[in-house]
Amino acid sequence: MNCCLFLPFMLGIPLLWPCFTAIEISTTEKVKHPAGSHLRVKRGWMWNQFFVPEEMNKTNYHIGQLRSDLDNGNNSFQYKLLGAGAGSIFVIDERTGDIYAIQKLDREERSLYTLRAQVIDSTTGRAVEPESEFVIRVSDINDNEPKFLDEPYEAIVPEMSPEGTFVIQVTASDADDPSSGNNARLLYSLLQGQPYFSIEPTTGVIRISSKMDRELQDEYWVIIQAKDMIGLPGALSGTTSVLIKLSDVNDNKPIFKESLYRLTVSESAPAGTSIGKIMAYDNDIGENAEMDYSIEDDSQTFDVITNNETQEGIVILKKEVDFEHQNQYRIRAIVKNRHVDEQLMEYHVEASTTFIRIQVEDEDEPPVFLLPYYLFEIFEESPHGSFVGMVSATDPDQRNSPIRYSMTRSRVFSIDDNGTIITTNPLDREISAWYNLSIIATEEYNVQQISAVPVYVQVLNINDHAPEFSEYYDTYVCENAGSGQIIQTISAVDRDESIEDHHFYFNLSVEDTKNSSFLIIDNEELVLAFKKSLSSTYLS
């Protein structure tokens, strides 16, 4: 707008100044004059405070005029400009005092220039006025767009955060003069990011405007625009990008992808054997995806442990299985998150489950005897081929292989394919009362499958031994021995076994009975008193 101000001066000369001039300034100074001369009490400079708009492309742009109130217009005064920028940026018309800018100025580089003015009488070469200082101010135009100085921007906010949650604040800066109209007054707006985010126009605070699920999208690029002049026409703008990442919360429970797992286990597997793995999937990450497995097994045959690195469930054998007893199991597995915040329990009300079908594989097992050991009895002196007893073993597998029997080396017994044990030599209890045998059962279909069982044979006693004197007696008697005097006690033993104590009857031979000086008497009392397997007699 070409506005002008009407500024009257002390000399009554009307001057038109551009609208960016402002205040008229007058400086005065008292001086001494020679006697008899005219006395001037006050004299001084006359100028306005000068303004020049930045970025003016016009050369020799007229800024204003410096003038002394002593200048009567006869061109006898010469004006000079001193200070930084004088001659290079600003020049002055030495006759009129008009000041011009000869270069384009940038307020953001320098907003004011302090100069000095001097007026000289060209006829005398003397200063008419003392040197005086004045200021030229560079006025602002809207020539700088807003800039975001803290780029790049990145923020992290938990997923599922409610509307209004603070995310981050962005700030732009405008190099224009904040006191010059609206040149540096900024408004923020969102160019990209709706409907999930919003921004406060005056503060640059970004907030959540809609809940977001990290499992659907884990990061968002938001573009922010800052406009100066509070967004009015002709405003300049700058943009920035904000990367907003969603951090995980435990809003997903682990879920089995398979409704049924099929596993197998050999009946020969020992307790503690790993028989397979089950796997649940959790869309969360980190600690929120850690899980624990458990099973429901009425038979208490299986268990499950969690691999903390892979988050797999490892099914293990808790106790040995037997194909012939039960060849299939069906158990139920459950999985739950290990760490769940109270406020997120609504997402974990019902745990995910699956079923595991475990098939027991049949193994070729060795024969099994019906008893852990066998005990048989047979009388001694039984004839060759006498029956001792029978053992029996079976193949526990489904094919039920026939069984052959054998015996470790024995010269007294033998066994046939039916498991019947017979004698092969006479037995004498007094030589050996017990026999310990080892019977081997072998499958015909697989001779590598064998079992052994101990067999104990007790040889029973029969009365096949006559009594024997316990020692040889060599007896002496004195010639003057009296009748009835005891000269020897004799005893006998029997190698046969008896449930009761042995009782022997002693007598002399028939020949000695008819003509003998000696008499044998049974001492039954002794037998009865000491309960020995012998009888004592007195030889007299």
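The values are calculated or read from the model by the stated rules, or taken from the named source; none is laboratory data. This structure is a prediction, so every number in the text was calculated from the model and none was measured. Cβ: placed from backbone, ideal geometry, glycine included. Neighbour counts: every protein chain shown. The protein model used for the area step is the full one, side chains on, heavy atoms only, and it has no ligands, DNA or RNA in it. Shrake-Rupley method; radii C 1.70, N 1.55, O 1.52, S 1.80 Å.
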(message) Which condition from (1) over 17 Å from ILE255 (Cα atoms); (2) free of Cβ contacts under 8 Å to residues at least 40 places away in the same chain; (3) not polar (S, T, N, Q) is the one that GLY313 breaks?
(response) (1)
(request) Please work out if LYS211 is at negative phi and out of contact with any strand residue (DSSP E or B) (no Cβ under 9 Å at 6 or more places or on another chain). (result) yes
(message) Conditions first: (1) surrounded by 14 or more Cβ atoms within 10 Å (Cβ to Cβ); (2) closer than 30 Å to GLY85 by Cα; (3) in contact with a Lys or Arg (Cβ under 9 Å, 6 or more places away or on another chain). ASP228 passes all but one, so which condition is the exception?
(response) (2)
(request) Out of the residues in the stretch 369-385 that are crowded, with 16+ Cβ neighbours inside 10 Å and of a type outside the set (Asp, Glu), state the one that is nearest to VAL455 (Cα to Cα). (result) TYR374
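Open to solvent by less than 50 Å² (accessible area, probe 1.4 Å) and of a type in the set (Ser, Thr, Tyr): is that true of TYR113 in this structure? Spell out the reasoning first.
Details: open to solvent by less than 50 Å² (accessible area, probe 1.4 Å): yes; of a type in the set (Ser, Thr, Tyr): yes.
Considered against the rule, which asks whether it is open to solvent by less than 50 Å² (accessible area, probe 1.4 Å) and of a type in the set (Ser, Thr, Tyr), TYR113 comes out as yes.
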(request) Could you tell me whether ALA226 is of a type in the set (A, V, I, L, M) and outside any strand (DSSP E or B)? (result) no
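When the residues of the stretch 455-472 are filtered to those that are assigned to a strand (DSSP E or B) and modelled with pLDDT under 80, which remaining residue is surrounded by the most Cβ atoms within 10 Å (Cβ to Cβ)?
First, pick out the residues of the stretch 455-472 that are assigned to a strand (DSSP E or B): 455-460, 468-469.
Imposing the further condition that a residue be modelled with pLDDT under 80 reduces the set to 468-469.
Details: GLU468: 10, PHE469: 13.
If we take residues in the stretch 455-472 being assigned to a strand (DSSP E or B) and modelled with pLDDT under 80, then PHE469 is surrounded by the most Cβ atoms within 10 Å (Cβ to Cβ).
Give me the strands (runs of 3 or more DSSP E) completely within the stretch 84-182, filtered to those with at least 1 residues that are more than 30 Å from LYS245 (Cβ to Cβ), ordered by residue number. Lay out the reasoning, then the answer.
Working: elements: 90-92, 98-101, 112-121, 127-139, 153-158, 166-169.
Strands (runs of 3 or more DSSP E) meeting the threshold: 90-92, 98-101, 112-121, 127-139.
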(request) Go through the stretch 28-83 residue by residue and tally those that are closer than 22 Å to PRO130 by Cβ, at pLDDT 60 or above, basic (Lys, Arg) and in a loop (DSSP other than H, G, I, E, B). (result) 0
(message) Quick check on this structure: which one of SER173, SER179, SER241 is modelled with pLDDT of 95 or more and not acidic (Asp, Glu)?
(response) SER241
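I'd like the residue in the stretch 198-214 that is touching a Leu at 6+ places or on another chain (Cβ under 9 Å), open to solvent by 40 Å² or more (accessible area, probe 1.4 Å) and in a loop (DSSP other than H, G, I, E, B) and, out of all such residues, is nearest to ASP177 (Cα to Cα). Steps first, please.
Here is the first cut: in the stretch 198-214, the residues touching a Leu at 6+ places or on another chain (Cβ under 9 Å) are 198-199, 201-202, 204, 206, 212-214.
With open to solvent by 40 Å² or more (accessible area, probe 1.4 Å) added as a condition, the list becomes 198, 201-202, 213.
Subset that is in a loop (DSSP other than H, G, I, E, B): 201-202, 213.
On the way: PRO201: 20, THR202: 18, ASP213: 44 Å.
Applying the filter and picking the extreme gives THR202.
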(request) Only residues that are open to solvent by 60 Å² or more (accessible area, probe 1.4 Å) and either assigned to a strand (DSSP E or B) or hydrophobic (A, V, I, L, M, F, W, C) (or both): list them for the stretch 231-258, please. (result) LEU232, THR239, LYS245, ILE255
(message) Any residue that is of a type in the set (A, V, I, L, M) and under 38 Å from the mean Cα position of the chain (by Cα) - is there at least one of those in the stretch 190-204?
(response) yes
(request) Please name all residue pairs, on different chains or six or more residues apart, with Cβ atoms under 7 Å, provided the first residue is in the stretch 378-397 and is modelled with pLDDT of 90 or more and the second residue is of a type in the set (Gly, Ala, Ser) and in a strand (DSSP E or B). (result) ALA393/ALA441; ALA393/SER451
(message) Just to check your reading of the model, which residue among PRO195, PRO152, PRO178 is open to solvent by 40 Å² or more (accessible area, probe 1.4 Å) and free of Cβ contacts under 8 Å to residues at least 12 places away in the same chain?
(response) PRO178
(message) Return the pair list, or none, for Cβ contacts closer than 7 Å from residues in the stretch 467-484 that are farther than 30 Å from GLU430 by Cα to residues that are surrounded by 10 or more Cβ atoms within 10 Å (Cβ to Cβ) and charged (D, E, K, R), at least 6 apart or on different chains.
(response) none
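For the stretch 298-318, what are the residues that are in contact with a strand residue (DSSP E or B) (Cβ under 9 Å, 6 or more places away or on another chain) and open to solvent by 30 Å² or more (accessible area, probe 1.4 Å)? Working first, answer last.
Start the filter on the stretch 298-318 by keeping residues that are in contact with a strand residue (DSSP E or B) (Cβ under 9 Å, 6 or more places away or on another chain), which leaves 298-299, 301-307, 310-318.
Residues satisfying the conditions are ASP298, SER299, ASP303, ILE305, THR306, ASN307, THR310, GLU312, ILE314, ILE316, LYS318.
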(request) Identify all residues within the stretch 53-72 that are open to solvent by 60 Å² or more (accessible area, probe 1.4 Å), of a type outside the set (A, V, I, L, M) and touching a residue at least 12 places away in the same chain (Cβ under 8 Å); write none if there are none. (result) ASN57, THR59, ASN60
(request) Can you give me the number of residues within the stretch 389-428 that are open to solvent by 10 Å² or more (accessible area, probe 1.4 Å), among the β-branched types (Val, Ile, Thr) and over 25 Å from ASN446 (Cβ atoms)? (result) 3
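If you check TYR220, TYR261, which single one turns out to be touching a Ser or Thr at 6+ places or on another chain (Cβ under 8 Å) and surrounded by 16 or more Cβ atoms within 10 Å (Cβ to Cβ)? Steps first, please.
Details: TYR220 fails: touching a Ser or Thr at 6+ places or on another chain (Cβ under 8 Å).
Answer to the selection: TYR261.
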